[in-house]
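Presented below is the structure to which this report refers.
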Amino acid sequence: MTFSFRDKQLIPIWRKLQHGERLSLEDGLVLFKTNDIIALGKMANFVQQQKSGYAVYFVLNQKIEHTNVCVLSCKFCDFAKKKGEPDAYEMTTENILAHITPEIREVHITGGMPPDWKWERYLDIVRKIHEKFPEADVKAYTAVEIDFFHKKFKLSIEEVLKQLQSAGLRTMPGGGAEIFTERVRKLLFPQKIGAKGYLEVHKTAHKLGIPTNCTMLYGHIETLEERLIHMIKLREAQDETGGFLSFIPLAFQPGDTGISVGDGSASGGKSHRQFTSAIDDLKTIAVSRLMLDNISHIKAYWVMLTEEVASVALNFGADDIDGTVGQERIAHDAGAVSPMKLAKDQIIKIIKDAGKIPVERDAFYNPLNVYSENVIGKIPYLNSVPFYHNREKSAAGGFKILPVAPRRMGMLSKQGQLDAGLFSLMDYFEQEESLELLPWCIATRDQVKSVMLFSKEGWAGLNGKKIGITDETATSVQLLSVLLENKYRVQVIPERLHPGVNDYSMFDAVLLIGDEALKHNKIGLNGFELVFDLAKEWYDWQKLPFVFAVWACRKALSGERREELKEMISTSLEKSEVNLGIIGYSHGKKIGLTKNETKEYLEGFNYRLGEQERKAMMQFRKLLEQKEIKI
Amino acid sequence: MKLLDIIEEVKIGKRINREEGLSLLQKVELLDFGELANEIRYRKNPKQQVTFVVDTNPNYTNICNIDCIFCAFYRHPGEAGEYTYSVDEMIRNFKTAAANGVTTVLLQGGVNPALPFDYYLELVKRTIEEVPEVHPHFFSTSEIIGMSQASEFTIQEVLRKLWDAGLRTIPGGGAEILSDRVKKKISHLKGTSDDWLNVMLEAHKIGYKTTATMMYGHLETDEDIIEHLEVIRQLQDEYHGFTAFIPWSFKPGNTPLHKIIPTYASSTRYLQILALSRIYLDNFDHIQASWFSEGKKIGQVALHFGADDFGGTLYEENVHAEADFVNKTTVAEVIQLIQDSGFTPVQRDTLYNTLKIFEKAEAM
């Protein structure tokens, strides 16, 4: 990878990014004002690749706008109608259900705010969709609508969300954020809730285990500073709750909206109504990727950006392209092929054209299908970094790296969609017939610091208690189960944790792994006094290392590819091992570790599958087979 | 050679060969392509400026006997919708365009065998005399070959007579992909690659300036694209007669080729090919972005991938319109599009002389 800057002002920012440092508002302004959009894009692409590798996500989704009747009158909106106006419409729950097909994985519901709907009607929409299409995650109602329900039906925001959640709501859309400054709010949408209201609704949702998206409407009267203030407010909220799944910059669509773009705006003093420029679209995507260091995904919403710009945006920091949206708009007499299939094929093409891996996801960004050859799974935790350090080599071998939580990696491998990966031990056991073991692993010597049980009680006191367990891997969960049953002889009630949510107060203990565990091992986890390192528990008991993950490839992989893969892994590991503190530095920094702590952590692993490790694998398997109760 | 070594070669200004070009096209990631193309773009044209021309693309006839399967524009003689305009009608057309600020008329036909050679000479002469505000940028290579066939003059004689009538530049359309294997499939009557190259060679010898084009996104391979760039680079080495290179992607609407190639080539592919041509064609002064065929937004992005020209404002356009691909703009919009992309717009003439610099308004 080459890197040259036409705009030298970008160099200090690039240094910050390489060290995993957070960017300031001033940095953001330099980025927005640069003419060197190639360098800007490359920086954003670098950060995107650190987070998602080559993956670009999409979802088979259906957008439902249940009504356009609205009591508000926002200047930028040409969707809303007043009740009784000729184009006004209101859908019944039955109408809505008729729009959903069984292949849909996410239903996105937003609409106007009609004066006379009953609360039950909103709940009914969510409930019926959830009942009739359990495979489809319901993503419903923007913060503005939630606030409207709260005021109209005299329920607290928390109560509104709780009732929706028990009706089947899984996530919330991010619409209604617009631009978080009072100046813009007063001018364009004085009736809307503003930054405080928006963030309050979202943070409340996060605490209840409802992850949400967040948005920004740009390209109207806002200044560049106002865009950055907006992003920084979202970044601060995310620091608190961690519940934002993705950020979606939405380009203002001129039309019959009553807004003309005025002087002093970021869009540059246009006197007439105009669409944002492609350069502004790409810059906004890239800058948001760089500013929002704590939000996992940036979405290029293709319906608004156009397919062409969205495809280019996938190299400017975006790793999500939304989905089929129910816009089966591709006019094509393709006989028996369904419109959904066409829309899906088109999206896959847009992503492949950009040189990325199309990954079909659910509402929580769990990968469901991967549509590409030569894909290698990567555990997205600090401890796997030594294996993937040598990016030059992996590109040369033509392998594409897909960061994916261990359990999902196992599922994708089962579907035959991965060539190789660093597999969670349980997945390797399960797929031993089709996978070939390679001589590398992640094994602990004595303690691990990243597979931790945070508990309110000692081991004995956990009997009959509720334990939140990570959704990300099976191995740690089985290790816990072996320890509980065979070592401590206690029984617990396990419950899976929602991804992206970190309020654990309802549990008596939680099992966390990876970066999340590592972070809390250092700073503690509020309310959980006792901390158990599962690898240490195992070591004290068995006097053996514990193997959490092993490298394996498909048995069907050709000899030549296998050799390329082995060379990639071994060169990367050799280069990394002499420099563990440095290669892990920026990743470690993100979870709050110093260079020495990172080094010490990484040195605590054995990356080569030796005799002791093989013995440990066998011993663990034996214990699992003897076990009566499976979690 | 390793990719990184090729990249280093390009950076120090060394010419790359076919193999190296192919390696870049197939292996370089999009933004690395952009970075590399910009190195060369700013070396050749260090100013943060982008040129454009106020032009029009009328057609004097849609009758054509070449039957290219990528074309939705042509009609056979006697077919419904066929037309051929008289010289008078064309002059009126040019006058209207000139009154609207047009400085370049890019005129092309069909290849209508019924038109006498004098028609073409008269068209050139009268344009120069009666509409001096516009520069005639007339007749593709196919039409010139057609004139030669219909008149018994050699290509050289046809070009000499048009020169004497006052024609000085010729558009570079009709190159499609300079691969006879592909040409046989998509335009078997249009002649070989050598025919196109030969007209260009003869024209450059006389002193004509022309553009060179490439239409990709149909049946060509990566190797064909490299070959295309290679042969026009070789020709350019001899007479330096090409002013600019203009790649664009095939638009399948309403064409027989639609059955085989139903979709547009992607914008990423366009930007890669644009950047590659900036890198490969080291003896070309300008690379043109095609807002018209790729869309305004991608046209803007193209200015960051090696292009230093935004093409024409296209007061009138019929060929793509027949493929249901309609894209319109105004001079004011082109200026705004270039400014929004971070460049100072410069209005030029057909020969890339500066006519007017639009200094950036106070913005941001």
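The values are calculated or read from the model by the stated rules, or taken from the named source; none is laboratory data. Since the model is a prediction, treat every value here as computed from it, not as a measurement. In this analysis, Cβ positions are derived from the backbone assuming ideal geometry, glycine residues included, and neighbour counts consider all displayed protein chains. SASA here: full protein model, heavy atoms, side chains in, ligands and nucleic acids out. Shrake-Rupley method; radii C 1.70, N 1.55, O 1.52, S 1.80 Å.
Does A:Val160 qualify as being crowded, with 18+ Cβ neighbours inside 10 Å, part of a helix (DSSP H, G or I), on the phi < 0 side of the Ramachandran plot and without any contact (Cβ under 8 Å) to a residue 40 or more places away in the chain?
yes
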Positions within the stretch B:1-27 being open to solvent by 90 Å² or more (accessible area, probe 1.4 Å), among the basic types (Lys, Arg) and over 15 Å from B:Ser277 (Cβ atoms), in sequence order: B:Lys2, B:Lys14, B:Lys27
Candidates B:Leu274, B:Leu257, B:Leu281, B:Leu303, filtered to the one that is in contact with a Cys (Cβ under 9 Å, 6 or more places away or on another chain) and within 26 Å of B:Gln26 (Cβ to Cβ): B:Leu257
Qualifying strands (runs of 3 or more DSSP E) (wholly inside the stretch A:166-263; at least 1 residues being over 23 Å from A:Ala300 (Cβ atoms)): A:169-171
Tally, over the stretch B:266-322, of residues that are at pLDDT 95 or above, open to solvent by 10 Å² or more (accessible area, probe 1.4 Å) and in contact with a His (Cβ under 8 Å, 6 or more places away or on another chain): 1
Candidates A:Glu65, A:Glu103, filtered to the one that is of a type in the set (Asp, Glu), more than 14 Å from chain B (Cβ to nearest Cβ), within 30 Å of A:Ile401 (Cα to Cα) and within 30 Å of the chain's Cα centre (by Cα): A:Glu103
Residues of the stretch B:307-337 that turn out to be closer than 24 Å to B:Leu36 by Cβ and either assigned to a strand (DSSP E or B) or facing another protein chain (nearest Cβ under 10 Å) (or both), as a count: 3
Some residue of the stretch B:233-249 being within 14 Å of chain A (Cβ to nearest Cβ) and on the phi < 0 side of the Ramachandran plot: yes
Condition check for B:Arg269: part of a helix (DSSP H, G or I) and closer than 25 Å to B:Thr169 by Cα: no
Test: residue in the stretch A:113-122 that is within 22 Å of A:Glu178 (Cβ to Cβ) and open to solvent by less than 10 Å² (accessible area, probe 1.4 Å): yes
Count of the stretch A:578-594 residues which are exposed (fewer than 15 other Cβ atoms within 10 Å of the Cβ) and part of a helix (DSSP H, G or I): 1
Qualifying positions in the stretch B:325-348 - open to solvent by less than 30 Å² (accessible area, probe 1.4 Å) and of a type in the set (A, V, I, L, M, F, W, C): B:Phe325, B:Val334, B:Ile335, B:Leu337, B:Ile338, B:Phe343, B:Val346
In the stretch A:34-52, the residues that are out of contact with any Asp or Glu (no Cβ under 9 Å at 6 or more places or on another chain) and either within 30 Å of A:Val138 (Cβ to Cβ) or at pLDDT 95 or above (or both): A:Ile37, A:Gly41, A:Met43, A:Ala44
Residue satisfying condition, being of a type outside the set (Gly, Ala, Ser), surrounded by fewer than 16 Cβ atoms within 10 Å (Cβ to Cβ), under 13 Å from A:Ala443 (Cα atoms) and over 32 Å from the mean Cα position of the chain (by Cα), within set A:Glu603, A:Glu625, A:Glu563, A:Glu611: A:Glu611
Filtered residues of the stretch A:458-516 (kept if surrounded by 19 or more Cβ atoms within 10 Å (Cβ to Cβ), in contact with a helix residue (DSSP H, G or I) (Cβ under 9 Å, 6 or more places away or on another chain) and free of Cβ contacts under 8 Å to residues at least 40 places away in the same chain): A:Leu484, A:Val492
B:Ala80, sole failed condition from (1) open to solvent by 30 Å² or more (accessible area, probe 1.4 Å); (2) under 30 Å from B:Ser277 (Cα atoms); (3) without any contact (Cβ under 8 Å) to a residue 40 or more places away in the chain: (2)
Selection count, the stretch A:16-41, where residues are open to solvent by less than 40 Å² (accessible area, probe 1.4 Å) and under 21 Å from the mean Cα position of the chain (by Cα): 4
